[in-house]
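Read through the structure below, which is laid out as structure tokens, and then see the notes.
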Amino acid sequence: MGRKGILAEPGVERAAGTFPAVRLRRLRASEGLRSLIRETRLTPDRFVYPIFVHELEEDVGIESMPGQSRIAISSLPRLVRRVHGLGIPAVILFGVPLMKDDVGSGAYDPHGVVQRAVATIKDVEPDLVVIADTCLDEYTSHGHCGLVRDGDVDNDATLDLLARAAVSQAEAGVDLVAPSDMMDGRVAAIRRALDETGHSSVPIMSYAAKYASAFYGPFREAAASRPQFGDRRSYQMDPANGREAIREVAQDVAEGADAVLVKPATPYLDVVRDVRTNFEVPVGAYQVSGEYAMIRGAAMRGWLDERAAALESLTSIVRAGADFVLTYFALDASEWLTET
Ligand code: PBG
């Protein structure tokens, strides 16, 4: 029997879900109805707020990320009290050291800027989850995420340094380490090093599917981590590849990653969804500096309604399957969501 035949019978129209029996607009008629049937709910407890910590006495605004600053250690207590007060469960720290060298020593210095920041935060807000970005690029004079040999990043030689950075972050008291370097084998190397040094309970959240993206531009201004030569395409993923993300995540999960990240977020929502459907591990997405700058920059010119655009963008990331979102909008969005 053809479709036409079924629909011709009285009552079957309803089951087949066609107009006019079905009118999808009915449930959109009021905010109450819309809120009742809303599939994706944005709440502050899904956010992770990224903080750039530097070694100067004063906070310094980041030009390409209006509203965000490099934060002085002495300003951290006030900031993290605000974060915690808004119901945001976690922050992720990026260090902006005064001194950089070609082996990124600042990343594994027990008195490094992130290590000191962790102690300060844990002093005032012990329940706030503190995540450390585990990477060398903020600490290397050449700006690459690993040791450079013969003009390229040496994968295996970098692993030891990443492991040292993770151990030193764990020693400083972080709740989670987050390797963002994209070296092969880093999760296994970090897991082994953490376990051997008595930190078997510190989880690893790997930036498993991290793309070589133009949207990191403002971050590199913030962290002064623009590569001094070449680019990151020999280690970060090609934006054209989706299936490869599954291999990256599978690899990291097999090596012991407790949670994985997709980064950037909005240009890669298909990847967020694919990772969500293929793995049972918690999946986060990073709405990166360029995604933030686009919305904020347009809003500052009056071209976009910032609040609506930011919340829509965050909703789309959660709808695609992210359990949590790293976002520079965390504070504003939490305020918007709790205002009535
Ligand atoms: C590397 C790192 C980067 C970002 C987070 N971790 C920069 C890069 O890979 O160049 C970018 C985040 C953002 O753009 O907001 N440590």
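General remarks:
- Using the Cβ-Cβ distance between E312 and N278 with R0 set to 25 Å, the FRET efficiency works out to roughly 0.45.
- Summarising the amide proton neighbourhood of Y211: residues at separation of 5 or more, or on other chains, whose placed amide H is nearer than 5 Å comprise M237, K263.
- Cut-off 13 Å between beta-carbons: net charge of the residues surrounding R243, Lys and Arg +1, Asp and Glu -1: -4
- Taking only alpha carbon atoms, the chain gives an Rg to Rh ratio of 1.05, where Rh is the Kirkwood radius.
- Accessible area expressed per residue, the range 41-339, with surrounding protein chains retained (probe 1.4 Å, Å²): 41
- With the simple model of a label 7 Å out from the Cα in the direction of the Cβ, D184 to M300 spans 4.2 nm.
- Computed from the C-beta positions of A157 and D270, the FRET efficiency with R₀ = 25 Å rounds to 0.15.
- Average Cα contact separation per residue, the chain, under 8 Å, 6 or more apart, as relative contact order %: 17
- Cα centroid separation, the range 211-261 to the range 159-175: 20 Å.
- Relative to the longest principal axis of the Cα atoms of the chain, the long axis of helix 289-300 makes an angle of roughly 60 degrees.
- Percent carbon-and-sulfur accessible area, the chain, ignoring ligands, DNA and RNA, probe 1.4 Å: 51
- Modelled spin labels at E339 and R41, positioned 7 Å past Cα toward Cβ, are 2.2 nm from each other.
- Counted charge near A222, where neighbours are those whose Cβ lies closer than 10 Å (Asp, Glu -1; Lys, Arg +1): -1
- Helix 243-255 and the longest principal axis of the C-alpha atoms of the chain enclose an angle of approximately 60°.
- Farthest towards the positive end of the charge dipole of the chain, among the residues I73, F229, V22, is the Cα of V22, using unit charges on the Cβ of Lys, Arg, Asp and Glu.
- Of all DSSP beta bridges in the chain, antiparallel share, percent nearest 5: 10
- F52 sits among other residues whose Cβ lies under 11 Å from its own Cβ, and their net charge, with Lys and Arg +1 and Asp and Glu -1, is -3.
- Signed unit charges on C-beta, dipole axis of the range 139-254, positive-most listed residue I246, L147, A189: I246
The values are calculated or read from the model by the stated rules, or taken from the named source; none is laboratory data. Just so it is clear, the structure is predicted and the values come from calculations on it, not from any experiment. For neighbour counting, all protein chains shown are included, and Cβ atoms are generated from backbone atoms with ideal geometry for every residue, glycine included. Heads up: the accessible areas ignore ligands, DNA and RNA and are worked out on the full protein's heavy atoms, side chains in. Shrake-Rupley method; radii C 1.70, N 1.55, O 1.52, S 1.80 Å.
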